[in-house]
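In what follows, a single structure is set out as structure tokens and then discussed.
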Amino acid sequence: MNFGQWLGFYAIIASIYILWQVRQAILLVFAAIVLATVLNQLARWFQRFQIKGLKIKRSLAVFLSISLFVLFFVTGFLLVVPPLLDQFQELTTKVPRGIERGLYRFDLWIEYLKTQVPQQYRNYLHLINRDITEIDVNQIITQLQSLGNQLIGGVGVFVGTTVGGVLSIFW
């Protein structure tokens, strides 16, 4: 490769790196463009309506479009979040029972293996049995809760940043 090709290659690599660093901003700009286009089309659709011969003004059409958009998202939020919270609560009660049941079945399987495994290998089964009984279910649940909190917090930050970015474009 000659100097020009190497220069072009490094320019492409640098461009990809820069785009990767500003990807959140690019996504916000893209989301804002899509949202503005949708709201504009909805406002134009409202302007086409005539109520008793009176044409709807642009400002009222924009207000109706934004109100309908907010109503749509609030309704979606109210339809999704309460069942999600109920299911998450149910999950936190069922997971420990499932782990306990799985450990019990594993112990039963070990006991069954003790009767089926040849005598020279039975000495090794107590190692498996000892390791599995030392599992602390409460510690696993604590770790899963912290992981869930991080996941929910990350989703909250993403949604907050996205909504904040979109709203900052309008105000």
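Mind pulling the angle between the C-alpha long axis of helix 137-170 and the longest principal axis of the chain? Nearest 10 degrees, somewhere in 0 to 90.
10
For the chain, give the percent of accessible area contributed by carbon and sulfur heavy atoms, probe 1.4 Å, rounded to a whole number.
70
Restricting to DSSP H runs of at least four residues, report the calculated mean residue ellipticity at 222 nm for the chain, -39500 (n - 2.57) per run over all residues, nearest 500 deg cm²/dmol.
-32500 deg cm²/dmol
Rolling a 1.4 angstrom probe over the protein heavy atoms, how many square angstrom per residue are accessible across the chain?
Computed with neighbouring chains in place, this is 82 Å² per residue.
In nanometres, what is the gap between the two model label sites at V95 and L79, each 7 Å from Cα along Cα-to-Cβ?
Using points 7 Å along Cα→Cβ, the separation is 2.8 nm.
Using 1/(1 + (r/R0)^6) with R0 = 35 angstrom and r between the beta carbons of I18 and Q139, what's the FRET efficiency to the nearest 0.05?
The calculated FRET efficiency here is 0.20.
Calculate one ³J(HN,Hα) per residue across the stretch 87-104 by plugging θ = phi - 60° into the Karplus curve 6.51 cos²θ - 1.76 cosθ + 1.60, and present them in order as whole Hz with x for glycine and proline.
Calculated HN-Hα couplings, in order: 5, 5, 5, 5, 5, 5, 8, 7, 4, x, 5, x, 5, 4, 5, x, 5, 5 Hz.
From Cα pairs below 8 angstrom and at least 6 apart in sequence, can you work out the relative contact order of the chain, rounded to a whole percent?
Reported relative contact order: 20 percent.
Treating only the Cα positions of the chain as identical point scatterers, give the base-10 log of I(q)/I(0) from the Debye formula at each q in 0.19 Å⁻¹.
The Cα Debye sum returns log10 ratios of -1.25.
K94: which lysines have alpha carbons under 21 Å from its alpha carbon, excluding same-chain residues fewer than 8 sequence positions away?
none
The values are calculated or read from the model by the stated rules, or taken from the named source; none is laboratory data. Here the structure is a predicted model, which is why all the values come from computation and not from measurement. A quick note on method: Cβ atoms are made from the backbone with ideal geometry, for glycine too, and the neighbour counts reach across all protein chains shown. Ligands, DNA and RNA are stripped out before the accessible areas are found, and what is left, the full protein with its side chains, is counted by its heavy atoms. Shrake-Rupley method; radii C 1.70, N 1.55, O 1.52, S 1.80 Å.
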